[in-house]
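Accompanying notes for the structure given below.
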Amino acid sequence: MSEAERSLSLAELAEAVGGQVEGDASLRILGAAGLEDAGEGMLVRVEHPRYLAAALDGPASALLLGPGLGPVHKPCIRVEQVRLAFIRCLELFAPDERQPAGVHPTAVIGPGAQVDPGCSVGPYAVLGRNVKLAGGVVIHAHAVLHDEVEVGPDSVIYPHAVLYARTTLGARVRVHAGAVIGADGYGYTWTGERHHKIPQNGRVRLEDDVEVGANTTIDRATTGETVIGRGTKVDNLVQVAHNVRTGAHCLLVSQVGIAGSAVLGNGVVLAGQTGVKDHVTIGDGVQAGARAGLWGDQPPGALVSGNPARPHREEMRINAALGRLPELLRRVRALEARLANTPEGDAGEQEL
Amino acid sequence: MSEAERSLSLAELAEAVGGQVEGDASLRILGAAGLEDAGEGMLVRVEHPRYLAAALDGPASALLLGPGLGPVHKPCIRVEQVRLAFIRCLELFAPDERQPAGVHPTAVIGPGAQVDPGCSVGPYAVLGRNVKLAGGVVIHAHAVLHDEVEVGPDSVIYPHAVLYARTTLGARVRVHAGAVIGADGYGYTWTGERHHKIPQNGRVRLEDDVEVGANTTIDRATTGETVIGRGTKVDNLVQVAHNVRTGAHCLLVSQVGIAGSAVLGNGVVLAGQTGVKDHVTIGDGVQAGARAGLWGDQPPGALVSGNPARPHREEMRINAALGRLPELLRRVRALEARLANTPEGDAGEQEL
Amino acid sequence: MSEAERSLSLAELAEAVGGQVEGDASLRILGAAGLEDAGEGMLVRVEHPRYLAAALDGPASALLLGPGLGPVHKPCIRVEQVRLAFIRCLELFAPDERQPAGVHPTAVIGPGAQVDPGCSVGPYAVLGRNVKLAGGVVIHAHAVLHDEVEVGPDSVIYPHAVLYARTTLGARVRVHAGAVIGADGYGYTWTGERHHKIPQNGRVRLEDDVEVGANTTIDRATTGETVIGRGTKVDNLVQVAHNVRTGAHCLLVSQVGIAGSAVLGNGVVLAGQTGVKDHVTIGDGVQAGARAGLWGDQPPGALVSGNPARPHREEMRINAALGRLPELLRRVRALEARLANTPEGDAGEQEL
């Protein structure tokens, strides 16, 4: 059944989200969409009164409404928590992108591999020696799992992802296309003549419910493990260096870079393009604004931004003051000139 | 015929670029090169008198000259627009990297796929269900096109590029190796216990003449489309988040990151490593300097730089002033000390 | 033999590192580890007295000790240079990740290819026309080498790496998974209507002992070569644009971006997320701190940081002063107010 053919009645949707129908409960709904993306047959959410008129005037056929809004002339589902109900609708309309179960005949499976019968292994996937796939694992086309990789139940590896040897994944882990997990950490020692490579003998461990974005790289440890904690979500093009450890439920947004042996607590949020210095400790719940540079340890709960990162309020004040810096220079010059004309004479450096 | 064997006479080149030969028109030219890369048999361009002596002394066999230069003792082609003529020469000498037409026997083609007979599909390429390839499309080795992907005429997909389900490409689109188009947008909602994934049901659409660099990632929309506008050129390692929309003819230079739902007008130029905040609007023709951080809307035509981005002139003044900031501190201290010695006494904080 | 089964006696290890055993020389050692990663059977290094107690109390079975430490009650190996000896131990315990020699039956080898019998070519690797692999080369699964690529002896290409046509690699080069070498440089000329692509006819050359990290991109030259010099080590997710040339033994840390035609001398170190402007020259031995922006030429030996990069000491002073900028504004205001109350009257702009 293609996406266009799937539909649910408003009554079915209301039951799924625990809401009440107002209007025609038999109306067929084809999908859930944002206000700007909605077409005929779609359900849109309205959380705030200021979007209500646009939703009513637009092509959407039904509304998902919070408690205070309406009543309205379009069919709607009334719920307590619009955002969560909308996510539930998105789940119901998610396109079916499942891969057929079973091992594709072109997949190469190394000796000693243990592949649960419930797994799906796509075309041209390559599994090394002693790889273990638990039940429900999906390996997409062209993914490469080197020797002794272990993947927990219901994890999904997208095309072209590469798991180097001995990488271990927990349950329900998702690794997007092109991500490289377990490549050598970047370690060399200068001999006086050349950079001598330090062997990278460790591994990477991704705990349960971790998601790794496209083309992200997470390096193996020199010894021991690089660890991404339970429930942590890593965006695209993120770099995680050797021996980094993150706690549970962190968010590492796109293009973040974390240098070697840095330790992140639980619930840390690093916004896009942020960098973290090697060997620093980032406390639980730290939130760093986009493009921050974290050069030192951060206490739990700190909100920081800027490079070098400072408490966010302080950084905001500095940024505001920066815009006045050229003017400040002029004003100090004026003060100096004025004092130079007073009887006491010389007011210091005048060459500014 | 290998690259080394290809040659054109100076007369043939002159005709192709609409120029006049001065000197031996039968001279065989083996390639076009920059001044530093030229060897015997090569044609070099000279746009400015200061490079003329080097071009004449160097090993190049012929020159491409603008109107005001010369006459010279080496054979040359005289043209009005040196730069465009040189690009035409580069096109004539471009190495032949075409892939043979037809579908390689190792390619996996899903049910319902429509592959125009004029396409080339390389070894181990994987096409999902209902994929459509228009005439002249080239799919290189190992590229993966998931279900219902559509590719317009004369587009080229390089090795290891991944197009997730329902991605659509216009005509003459080029997607370089390792680029990932249509992976899940980065969207979660915190339940109080964990980050709950928000389904990403949308798609990515690349319009005509878009080029996407190696290992770049462009995420699918939550609902609706992420759009890269006609003629926009995206460099390597760029991140484009879900629901971003760019206008036509933008330039997104390497390592740029654009956060979710940001909207770019036409002709926007974002230099390398620049970041754009989510949901902001960047007007037509905005140009942002390298490493800029665009935290807010930018009016059409703005030239900005710095982080947070400011009008470029202002940022330059601030940067110049910044270099004098330590000195400014000393000068203010001197002023305070001086005033402290005047009869009025206290000049404020002295602990600096 | 799996990793867990490999072991060496303390005597064997001592001989390998040129050290002296103190204690039971017949003790079997299973691996070398950092202090935090060590378990029973492991050898840990102790360079500094402050870590000695932890090493003795921990589960490690043996110690690698420098000259001034001890004597201790655990078996140990005494060496002059702990760091180098530890690296030697890591090498001895490095897990065996070799791929079997020979060409996998699923590899596609183009016409004219020359593959040394000592090479290993993995499953689904694709080699174009006239590719040359010297002795000892390892091509992992899914790597793609386009036409006329040449790879020097003992080089290793990891899965999913892509070498575009005419790329040349020296001896002992390592290219990690997902790296893309030789994609088109980012060059366009604006015609007044659209960005016209400038053909990228050149190539990339990696000299001996270069290492390239996962998902890094190194673009081919417009004409001539993009060159990574001998012994230079490139981390993950680095961008090297067309016609860049680096000297020998440089370190380019993760997420660095180098714009077109920039030239780096020997021994240059660019820390993470640093950017280098196009066409600038970076002298021998320049070291740039993380997140630096190098907008201009840098003299040999310069230590720089910040954006725009300044001499590191100067940048440190500016950063310290920045934290006091809001206070400085207040102090200047106070000075102005005070002078405004003196008989001379007006002290300039008061609207701050």
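Restricting attention to region A:214-240 and to residues that are assigned to a strand (DSSP E or B) and charged (D, E, K, R), the residue that is nearest to the other protein chains (Cβ to nearest Cβ) turns out to be A:Lys233.
Taken together, the criteria place B:Arg45 among residues that are of a type in the set (Lys, Arg) and touching a Cys at 6+ places or on another chain (Cβ under 9 Å). Filter region A:37-51 for residues that are open to solvent by less than 30 Å² (accessible area, probe 1.4 Å) and either within 11 Å of chain B (Cβ to nearest Cβ) or not in a strand (DSSP E or B) (or both) and give the result. A:Ala38, A:Gly39, A:Gly41, A:Leu43, A:Val44, listed by residue number.
Among the conditions (1) open to solvent by 10 Å² or more (accessible area, probe 1.4 Å); (2) more than 10 Å from chain A (Cβ to nearest Cβ); (3) assigned to a loop (DSSP other than H, G, I, E, B); (4) modelled with pLDDT of 95 or more, the only one that B:Gly192 does not satisfy is (4).
Could you list all residues from region C:20-71 that are under 20 Å from A:Thr222 (Cα atoms) and either outside the structural domain of C:Ile87 (by TED's automatic domain parsing) or charged (D, E, K, R) (or both)?
Matches in region C:20-71: C:Glu36, C:Asp37, C:Glu40, C:Arg45, C:Glu47.
For B:Ile109, the conditions (1) open to solvent by 30 Å² or more (accessible area, probe 1.4 Å); (2) more than 14 Å from chain A (Cβ to nearest Cβ); (3) out of contact with any Ser or Thr (no Cβ under 8 Å at 6 or more places or on another chain); (4) among the hydrophobic types (A, V, I, L, M, F, W, C) all hold with the exception of (2). The single condition among (1) over 30 Å from A:Pro159 (Cα atoms); (2) open to solvent by 40 Å² or more (accessible area, probe 1.4 Å); (3) away from every other protein chain (no Cβ under 14 Å) that B:Ala101 does not satisfy is (1). A count restricted to region B:60-90 and to residues that are modelled with pLDDT under 95, within 14 Å of chain C (Cβ to nearest Cβ) and open to solvent by 30 Å² or more (accessible area, probe 1.4 Å) stands at 3.
All conditions but one from (1) without any contact (Cβ under 8 Å) to a residue 40 or more places away in the chain; (2) facing another protein chain (nearest Cβ under 10 Å); (3) crowded, with 24+ Cβ neighbours inside 10 Å; (4) over 16 Å from the mean Cα position of the chain (by Cα) apply to A:Asn243; the one that does not is (1). I'm trying to understand the selection: among the residues of region B:201-213, which are assigned to a loop (DSSP other than H, G, I, E, B) and either within 7 Å of chain A (Cβ to nearest Cβ) or open to solvent by less than 10 Å² (accessible area, probe 1.4 Å) (or both)? Scanning region B:201-213 gives B:Asn201, B:Gly202, B:Val210, B:Gly213.
Does B:Ala177 satisfy being in contact with a His (Cβ under 7 Å, 6 or more places away or on another chain), in a loop (DSSP other than H, G, I, E, B), at pLDDT 95 or above and surrounded by fewer than 24 Cβ atoms within 10 Å (Cβ to Cβ)? Spell out the reasoning first.
Values: in contact with a His (Cβ under 7 Å, 6 or more places away or on another chain): yes; in a loop (DSSP other than H, G, I, E, B): yes; at pLDDT 95 or above: yes; surrounded by fewer than 24 Cβ atoms within 10 Å (Cβ to Cβ): no.
Criteria not met by B:Ala177.
Applying the selection to region B:294-303, what residues are surrounded by 16 or more Cβ atoms within 10 Å (Cβ to Cβ) and either free of Cβ contacts under 8 Å to residues at least 12 places away in the same chain or out of contact with any His (no Cβ under 6 Å at 6 or more places or on another chain) (or both)? Listed by number, the residues that qualify are B:Leu294, B:Trp295, B:Gln298, B:Ala302.
Residues checked against (1) assigned by TED's automatic domain parsing to the domain that holds A:Val276; (2) at pLDDT 90 or above; (3) closer than 30 Å to A:Leu270 by Cα:
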| position | (1), (2), (3) |
| --- | --- |
| A:Gly301 | yes, yes, yes |
| A:Met316 | no, yes, yes |
| A:Glu327 | no, yes, no |
| A:Ala347 | no, no, no |
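The residues of region A:306-322 that are in contact (Cβ under 8 Å) with a residue 12 or more places away in the chain, open to solvent by 40 Å² or more (accessible area, probe 1.4 Å) and either part of a loop (DSSP other than H, G, I, E, B) or facing chain C (nearest Cβ under 8 Å) (or both) amount to a single one, A:Asn307. Does A:Val280 fit the bill of being closer than 16 Å to A:Ala241 by Cα, modelled with pLDDT of 95 or more and surrounded by fewer than 24 Cβ atoms within 10 Å (Cβ to Cβ)? In short, yes. Restricted to region B:117-149, and to residues there that are over 18 Å from B:His176 (Cβ atoms) and in contact (Cβ under 8 Å) with a residue 24 or more places away in the chain, the residue that is farthest from the other protein chains (Cβ to nearest Cβ) is B:Ala134.
Residue-wise test of (1) more than 9 Å from chain A (Cβ to nearest Cβ); (2) open to solvent by 30 Å² or more (accessible area, probe 1.4 Å).
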| position | (1), (2) |
| --- | --- |
| B:Asp284 | yes, yes |
| B:Ala292 | yes, no |
| B:Arg324 | no, yes |
| B:Glu336 | yes, no |
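What residue, among those in region A:250-269 that are in contact with a Ser or Thr (Cβ under 6 Å, 6 or more places away or on another chain) and assigned to a loop (DSSP other than H, G, I, E, B), is surrounded by the fewest Cβ atoms within 10 Å (Cβ to Cβ)? So the residue we want is A:Cys250. Residues considered: C:Arg220, C:Arg230. Of these, the only one that is of a type in the set (Lys, Arg) and over 25 Å from A:Val162 (Cβ atoms) is C:Arg230. Within region A:198-211, the set of residues being free of Cβ contacts under 8 Å to residues at least 40 places away in the same chain and of a type outside the set (D, E, K, R) comprises A:Ile198, A:Pro199, A:Asn201, A:Leu206. Within region A:107-138, restricting attention to residues that are more than 21 Å from the chain's Cα centre (by Cα) and β-branched (Val, Ile, Thr), the residue that is nearest to B:Ala161 (Cα to Cα) is A:Val126. Scoring B:Gly170 on the criteria (1) of a type outside the set (Ser, Thr, Tyr); (2) in contact (Cβ under 8 Å) with a residue 60 or more places away in the chain; (3) open to solvent by less than 10 Å² (accessible area, probe 1.4 Å) leaves a single failure, condition (3).
Restricted to region B:150-166, and to residues there that are assigned to a loop (DSSP other than H, G, I, E, B) and within 12 Å of chain A (Cβ to nearest Cβ), the residue that is surrounded by the fewest Cβ atoms within 10 Å (Cβ to Cβ) is B:Ala165.
Give the number of residues within region B:41-57 that are in contact with a Leu (Cβ under 7 Å, 6 or more places away or on another chain) and of a type outside the set (Phe, Trp, Tyr). Residues flagged as in contact with a Leu (Cβ under 7 Å, 6 or more places away or on another chain) and of a type outside the set (Phe, Trp, Tyr) within region B:41-57 amount to 10.
The values are calculated or read from the model by the stated rules, or taken from the named source; none is laboratory data. Just so you know, these numbers come straight off a predicted model, no measurement behind them. In this analysis, Cβ positions are derived from the backbone assuming ideal geometry, glycine residues included, and neighbour counts consider all displayed protein chains. These area figures cover heavy atoms from the full protein model, side chains too; ligands, DNA and RNA do not enter into them. Shrake-Rupley method; radii C 1.70, N 1.55, O 1.52, S 1.80 Å.
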